[in-house]
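Asks: Dropping a structure here in structure tokens format, bear with me for questions.
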Amino acid sequence: MEEPSFKLPEIIDNDNGWGPSPVMLPEKFRDIPYAPYSKADKLGRIADWSTPEQREKESSGRQRTNYRNYRDQYTAFGHGVSNAFAYAHAEDEASFSVVDNRSTAQKKASSYRTTGQTNRNVRNGQYQRPNTQTRNTPGGRAAQNAVRKRYGWKDYDKPQRARDASVNVGPDWKVLEEIEFNWLSKLNLDVENVEDISLHGFLYYYDKNYDLIRTKSEKPLIPNDKVRYFVSTSKDPIIDQLAKDNAATVFATDSVLSLLMCAPRSVYPWDIIINRVENKLFFDKRDTGVYENITVNENSFDPPLETGDKDNINSPSALSLEATLINHYFALQVVNEGKKYELDKPNPFISSQEDNDMLAPTAYRYRKFDISIKEDEDISIVVRTQLDSVVKTLGGDSSLITIRALNEFDPRSQGAGGALDWRQKLDTQRGAVVTTEMKNNSCKLARWAVQSILAGADQMKLGYISRVSPKDNTKHAILGTQIYKPRDFAAQMNLSVSNGWGIVRTVIDLCMKLPEGKYVLIKDPNKPVIRLYAVPANAFDADDDLALDDGEEINEEEEVQK
């Protein structure tokens, strides 16, 4: 019989740390990292289905769950050092069930409240999962109403709208450059040297009684039959003579140049023709283009939709025509047609006194901007700008101004972009109205500010025009006016004129490297990209056949419709 004995096992000290030595651990446990923790750490749940992998898996089949209402927000022990002990449940959750100890009456009452709220949301086309904790509180109802006003039924799931290009790209056109808007927004060029070359036409003085209009004393907008000229750069006799005299390197009009300078804000498609003749560039427009047309809610999160219905008065084309006519009528109505303010030279686009009697008051100011970067280079651009009226200052001097008009169509229709009701908010919350317009019409307002700055206008008069009835786009009323200094207005909407000049100089440098010929700069209809194409010399001859002859009167309404 053996004597009882007790033999101590071999003890191996861990000199490199606390805990058992890795030498003593079984092979399958040796590579598991040790996660340090402190007594203050909360212990996590045994099984956690809120891991990123599980949430990603569940999001493909159903809406992602909000985990902010969990019982406790914890950090797994070890502070995220390792997830080796995390448990991932690989089975389906179909076997999981919740035990409900409520009575049948309580279940029916809860189901009725939830279903009733859901049905009301669905009938309104604005479904949102009800929150039983906050829906009966004033704050909860306000939050739900704000969300419903901002988003409609599946706004997040709407397909991207496909727009047509402003001009069809020919098969023999060649892409030379492609520039993204993000890169254009980083350009910068300060232009300080400006020279007035000549001033043509005549103006009427602004009627200051329109500054007193309020929503309760609105005035009807009166149509006017006077005409206005929209002459392209290449057909302007003054620019033609300046080009022969080598007065500048580049020639353009304010409507074309402002479109290029505000390109990063544009959404709708457009195109600019660039003709290089010897060492000169002419930024021009197509004769059948609609460059003077004014867009409506172009930058809205839900812009007006082209439905194909010709009777739809809230389509983009119908709204553009309406806004252009409103601006034409408003600029003619708010001036006193008494004593004329004659400028240095007559209007260069009229041929007889009869034409002058039916001419809308307009001043054409030709200005030269020095856009040279280096001291040894001489690059300048001549721009034909327009002014709309003149006002008397306190010192008795005359100040030239531009006149523009914002228009309200139907704040409850599709494409309104969350606009406020002007008849209710314009007098009391004008700042909110202007902010909303700056958001929905960022490109349009930026072009107006740039045109006023290019023309050297001291002020920019802004009118607020609304439909008398939302269902009638032919009758309008003036609800108010406001005055801005162009540069202050540009700063208010975060518009950098230096960035615009940087864009212009970049395009000029690109075209100066090309041989003589015709080029067209096209904004992609569905992407924030512009492309420069080389086109044949006769690319737009069909447009020239449809264009009006030089010196012919152009009625605003006829030109817009064409």
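The values are calculated or read from the model by the stated rules, or taken from the named source; none is laboratory data. Since this is a predicted model, take the numbers as computed values, not measurements. Neighbour counts run over all protein chains shown; Cβ positions are idealised from the backbone, glycine included. Accessible surface areas use protein heavy atoms only, side chains included; no ligands, DNA or RNA. Shrake-Rupley method; radii C 1.70, N 1.55, O 1.52, S 1.80 Å.
Asks: Taking residue 291, is it of a type outside the set (D, E, K, R), at pLDDT below 95 and farther than 25 Å from residue 314 by Cβ?
Replies: no
Asks: Related question: Hey, does the range 212-220 have a residue that's surrounded by 11 or more Cβ atoms within 10 Å (Cβ to Cβ), modelled with pLDDT under 70 and among the charged types (D, E, K, R)?
Replies: There is no residue in the range 212-220 that is surrounded by 11 or more Cβ atoms within 10 Å (Cβ to Cβ), modelled with pLDDT under 70 and among the charged types (D, E, K, R).
Asks: Among the residues of the range 377-417, how many are acidic (Asp, Glu), in a loop (DSSP other than H, G, I, E, B) and either touching a residue at least 24 places away in the same chain (Cβ under 8 Å) or surrounded by 14 or more Cβ atoms within 10 Å (Cβ to Cβ) (or both)?
Replies: Looking only at that region, the number is 3.
Asks: For residue 439, state whether it is touching a residue at least 40 places away in the same chain (Cβ under 8 Å), within 12 Å of residue 489 (Cβ to Cβ) and surrounded by 15 or more Cβ atoms within 10 Å (Cβ to Cβ).
Replies: Answer is no for this residue.
Asks: Does the range 525-545 include one or more residues that are closer than 25 Å to residue 229 by Cα, at pLDDT below 95, aliphatic (A, V, I, L, M) and in a loop (DSSP other than H, G, I, E, B)?
Replies: Within the range 525-545 (the criterion being closer than 25 Å to residue 229 by Cα, at pLDDT below 95, aliphatic (A, V, I, L, M) and in a loop (DSSP other than H, G, I, E, B)), the answer is yes, since at least one residue qualifies.
Asks: Also, quick follow-up: Looking only at the range 478-505, which residues are in contact with a Leu (Cβ under 8 Å, 6 or more places away or on another chain) and surrounded by fewer than 16 Cβ atoms within 10 Å (Cβ to Cβ)?
Replies: 483, 498
Asks: Restrict the check to the range 144-164 and report whether at least one residue is β-branched (Val, Ile, Thr), modelled with pLDDT under 90 and farther than 30 Å from residue 379 by Cβ.
Replies: Checked against the condition, which is being β-branched (Val, Ile, Thr), modelled with pLDDT under 90 and farther than 30 Å from residue 379 by Cβ, the range 144-164 yields at least one hit.
Asks: A further question on this structure: If residue 330 passes every condition in (1) within 30 Å of residue 480 (Cα to Cα); (2) open to solvent by less than 30 Å² (accessible area, probe 1.4 Å); (3) at pLDDT 95 or above; (4) not in a helix (DSSP H, G or I) but one, which one does it miss?
Replies: (4) is the only condition that residue 330 fails.
Asks: Quickly run through the range 175-184 and pick out the residues that are open to solvent by 70 Å² or more (accessible area, probe 1.4 Å) and of a type outside the set (A, V, I, L, M).
Replies: 177, 178, 180, 182, 183
Asks: Going by what's in this entry, would residue 189 be described as touching a Gly at 6+ places or on another chain (Cβ under 8 Å) and crowded, with 16+ Cβ neighbours inside 10 Å?
Replies: In short, yes.
Asks: Could you tell me how many of the residues in the range 228-276 are touching a strand residue (DSSP E or B) at 6+ places or on another chain (Cβ under 7 Å) and outside any helix (DSSP H, G or I)?
Replies: Residues that pass the stated criteria total 19.
Asks: Filter the range 506-524 down to the residues that are part of a loop (DSSP other than H, G, I, E, B) and over 20 Å from the mean Cα position of the chain (by Cα), then identify the one that is surrounded by the most Cβ atoms within 10 Å (Cβ to Cβ).
Replies: If we take residues in the range 506-524 being part of a loop (DSSP other than H, G, I, E, B) and over 20 Å from the mean Cα position of the chain (by Cα), then 514 is surrounded by the most Cβ atoms within 10 Å (Cβ to Cβ).
Asks: Turning to a different aspect of this structure: Has the range 234-244 got at least one residue that is closer than 16 Å to residue 384 by Cβ, open to solvent by less than 40 Å² (accessible area, probe 1.4 Å) and among the basic types (Lys, Arg)?
Replies: No, that holds for no residue.
Asks: Within the range 421-434, does at least one residue satisfy the condition of being β-branched (Val, Ile, Thr), part of a helix (DSSP H, G or I) and surrounded by 15 or more Cβ atoms within 10 Å (Cβ to Cβ)?
Replies: Yes, that holds for at least one residue.
Asks: So which of 368, 339, 374 ends up being within 19 Å of residue 200 (Cα to Cα), out of contact with any Leu (no Cβ under 8 Å at 6 or more places or on another chain), modelled with pLDDT under 90 and not in a helix (DSSP H, G or I)?
Replies: Only one candidate qualifies: 339.
Asks: Also, I was wondering about something else. State whether one or more residues within the range 305-323 are among the basic types (Lys, Arg), in a loop (DSSP other than H, G, I, E, B) and in contact (Cβ under 8 Å) with a residue 40 or more places away in the chain.
Replies: There is no residue in the range 305-323 that is among the basic types (Lys, Arg), in a loop (DSSP other than H, G, I, E, B) and in contact (Cβ under 8 Å) with a residue 40 or more places away in the chain.
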